[in-house]
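Reviewing the structure listed below.
The values are calculated or read from the model by the stated rules, or taken from the named source; none is laboratory data. Note that the structure is predicted; figures quoted are calculated from it, not measured. For neighbour counting, all protein chains shown are included, and Cβ atoms are generated from backbone atoms with ideal geometry for every residue, glycine included. Side chains included, ligands, DNA and RNA excluded: accessible areas come from the protein's heavy atoms. Shrake-Rupley method; radii C 1.70, N 1.55, O 1.52, S 1.80 Å.
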Amino acid sequence: MTDVTGVRVGHATRTGGGWLTGTTVVLAPEGGAVAAVDVRGGGPGTKETDALDPRNVVQRVEAIVLTGGSAYGLDAASGVMAWLEERGRGVRVGPDPAHVVPVVPAACVFDLGRGGDFRARPDAATGRAAVEAAAASAPGAPVPEGCVGAGTGAVAGLLKGGVGTASTVLDSGVTVAALVVANAAGSVLDTETGVLYGQLWEGRRVTWPGADVRESARRRLAEVAARNAPPPLNTTLAVVATDAGLTKAQAQKLAGTSHDGIARAVRPVHLLNDGDTVFTLATGARPLDADRPLALNAILAAGADVVTRAITRAVLAAEGTDGPVGGASGGWPSYRELYGVG
């Protein structure tokens, strides 16, 4: 994600003592970035998404919040708003430069009670901690992946989920990057082969686990399924960022095509129990070339590609949880734990 110049990411992670949750903030360059959103899950938990409609007045945002805690966790955005207001960053609404209203779109994943305490959830202080971590990070610093931030309590099908990132540079020089929180109700894994769906799509050389490993993993996953009820209200969240100069309408189209990246890596997807949401940020550092009308198509296609790769990375980076995730002992295993590859 931070391969897009000026974009920074910060996590706030809470574990232990009943906690297994957190918040992730994607911080735009000062002055903001053009933003849009596309919501396709049947059970979303969001904040300020209407402001991103191309027909509405807000053109740029300073930050996007992804958080655990279901709808309760959306309070984390308040801490980010307060931090931005203190720095005069937001929509100017009065004669004084301090008269701003930061528009901070946010979306949540369901992880309530996965650490043992149903009331252990992100709040405004968690959001402030995450945005402070983003602001303190070095430009271009690698983004921690796995069970951090909003991915701390994430579960992907029957596996432990988490945060993943990926990026690409197009022939035009435009960078497109994604950060995802993989917390899907659908499966990310083909249990017959032991390969992640996202890996199959990528077409690269994949290490196929042996028959004994696959059989052992199937038995373990059957135990997990029997022990845990189907995960409710799960969600895959993504932020797709680019340094291209996009309008709000073009950014919204990018959010829509980027959902294809979720569909490649998660089966089934966009269910009533999902809150699948994709945000986009366009910093505008590289204006689109008017002489290359297909330049936008390349960006739209790349959005889906990096989302798929980021979901795969999230699952590969996740670590299994032994605690009460899902409401029962034993928790959720990681992909690496089951298959020994990745």
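Per-structure values
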item: Surface per residue (accessible, 1.4 Å probe) for the chain, Å²; result: 39 Å²
item: For the stretch 1-89: relative contact order, % (alpha-carbon pairs under 8 angstrom, 6 or more apart); result: 27 percent
item: Area accessible to solvent at residue 11, 1.4 Å probe radius, in Å²; result: 40 Å²
item: Sites matching GluC sites (Glu not before Pro) across the stretch 121-209 that sit in DSSP coil, with at most 14 neighbouring C-beta atoms within 10 Å; result: 192
item: Computed over the chain: relative contact order in percent, which uses C-alpha pairs under 8 Å that are six or more apart; result: 24 percent
item: C-alpha center-to-center spacing [the stretch 233-259, the stretch 299-320] in angstrom; result: 14 Å
item: Vicinal HN-Hα couplings computed from phi for the stretch 124-137 (Karplus, 6.51 cos²θ - 1.76 cosθ + 1.60; Hz; Gly/Pro x); result: 4, 5, 5, x, 4, 4, 5, 5, 5, 5, 5, 5, 7, 6
item: Long-range Cα-Cα pairs in the chain (distance over 25 Å), rounded percent; result: 47 percent
item: Amide proton proximity set for residue 286, modelled H, under 5 Å, gap of 5+; result: 244, 245
item: Virtual paramagnetic centre 7 Å along Cα→Cβ of residue 136, amide N under 14 Å, in the stretch 2-39; result: 9-13
item: Loop-resident sites, the stretch 1-103, for trypsin sites (Lys or Arg not before Pro), counting at most 12 other Cβ within 10 Å (DSSP); result: 55
item: Listed residue (146, 269, 285) projecting farthest to the positive dipole end of the chain, Cβ model; result: 269
item: Fraction of accessible area attributable to carbon and sulfur, the chain (%, probe 1.4 Å); result: 51 percent
